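Novice: Sharing a structure here in structure tokens format.
The values are calculated or read from the model by the stated rules, or taken from the named source; none is laboratory data. It should be emphasised that the depicted structure is a prediction, and the values quoted were computed from it without experimental measurement. Ideal geometry is used to build each Cβ from the backbone, glycine not excepted, and the neighbour counts take in all protein chains shown. SASA here: full protein model, heavy atoms, side chains in, ligands and nucleic acids out. Shrake-Rupley method; radii C 1.70, N 1.55, O 1.52, S 1.80 Å.
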Amino acid sequence: VCAIVDNGSLYCWGRNSNGALGNGSGGFSQSTGTPSWVDLGVGRTAVAVSSGGFHTCAIVDNGSLYCWGANFYGQLGIGNTVEAHTPQWVNLGVGRTAIAVSSGESHTCAILDNGELKCWGSDYSGALGNGPGASDSSVPDTVSGGFTWSTSTGSNSGGSSSNNTLTPSVEGADL
């Protein structure tokens, strides 16, 4: 579980499988009932967060996207399948920023500032939207069809651990 507090700091707590809490530690049976601060970088604040099966992603105040935790299928979007116990920057493309994020069971999707939708991770049952015969991706890949997406778009990311919605970034929101 993760939440953004009124000053933009991000705290996570609960089961820390594969580093999903982003506090630098991780282990399958490790958990904490106390909120743990997540370091998003000097001067950075969170504006949106989404927790998936065993990974978490957050948009920070400059529109950058960071992900951490399990990475079996590339769901962190960092170009490999190595788990990360601290936030890792996701390359969304030159000059692109995220305005919404949804972390599924083993994949992640983000709506970008130009209306493009990118997904990465497991392509089980076509979850990445990149066409028939496609495979898992460890980097953000554009969803086919040429659509422009908005944050009002619902998302069915699948898996009981997902919140199944695209979470828009709302600077200054009190949660």
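Novice: How about the range 26-46: which of its residues are out of contact with any Gly (no Cβ under 7 Å at 6 or more places or on another chain) and open to solvent by less than 40 Å² (accessible area, probe 1.4 Å)?
Specialist: Correct list: G27, S36, L40, G41.
Novice: Among (1) within 14 Å of the chain's Cα centre (by Cα); (2) open to solvent by less than 30 Å² (accessible area, probe 1.4 Å); (3) modelled with pLDDT under 95, where does Q75 come up short?
Specialist: Just one mismatch for Q75, condition (3).
Novice: Can you tell me which residue is most open to solvent (accessible area, probe 1.4 Å) among those in the range 5-25 that are touching a Leu at 6+ places or on another chain (Cβ under 8 Å), of a type in the set (A, V, I, L, M, F, W, C) and free of Cβ contacts under 8 Å to residues at least 60 places away in the same chain?
Specialist: W13
Novice: Y66 is checked against (1) part of a loop (DSSP other than H, G, I, E, B); (2) farther than 18 Å from N7 by Cα and fails just one. What number does that condition carry?
Specialist: Result: Y66 fails condition (1) only.
Novice: OK, next. Kindly indicate the residue of the range 87-103 that is open to solvent by 10 Å² or more (accessible area, probe 1.4 Å) and of a type in the set (G, A, S) and also farthest from N71 (Cα to Cα) among those meeting that condition.
Specialist: Per the criteria, the residue is G95.
Novice: Then there is this: Which pairs do you get when a residue that is over 17 Å from E105 (Cβ atoms), found in the range 46-74, comes within reach of a residue that is surrounded by fewer than 23 Cβ atoms within 10 Å (Cβ to Cβ) and basic (K, R), reach meaning Cβ atoms under 6 angstrom, with the pair 6+ apart or on two chains?
Specialist: As it stands, the answer is V60/R44, since those pairs meet every condition given.
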